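Taking it in order: structure first as structure tokens, then the write-up.
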Amino acid sequence: MSSHGGMRKGSGRPAGAVNKATPELKLNLSELPREHTNNAVDTLVEVMKSGQSDSARIAAATAILNRVYGKPSMTQVDNSTGHVITAIEVVADD
């Protein structure tokens, strides 16, 4: 039975071999999706406004808020241990 996981003889990139994923290539790959940002946001707004289910509208609204303001961190204080836990309350204006 062959072993699973871990380093095995002959596996991986040979020592001294150049990494083909250059910083320039990585930068180009990260820029490709940016071309579709406006369409993606427009789609989220459309789903938020006229999605068929509440869960779809809420998910789209949450995605938009997370991209604009960042994903909120949650922290609270546990009085029994004194550990700090952060909480953020989101309140919508009517």
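The values are calculated or read from the model by the stated rules, or taken from the named source; none is laboratory data. Note that the structure is a prediction, hence the values are computed from the model and not measured. A quick note on method: Cβ atoms are made from the backbone with ideal geometry, for glycine too, and the neighbour counts reach across all protein chains shown.
Some points to look at:
- Here the range 3-47 is the region considered, the condition is being β-branched (Val, Ile, Thr) and surrounded by 10 or more Cβ atoms within 10 Å (Cβ to Cβ), and the residue that is farthest from ALA61 (Cα to Cα) is THR22.
- Any hit, the range 33-43, residues being in a loop (DSSP other than H, G, I, E, B), of a type in the set (Ser, Thr, Tyr) and either within 30 Å of ARG67 (Cα to Cα) or modelled with pLDDT of 80 or more (or both): no
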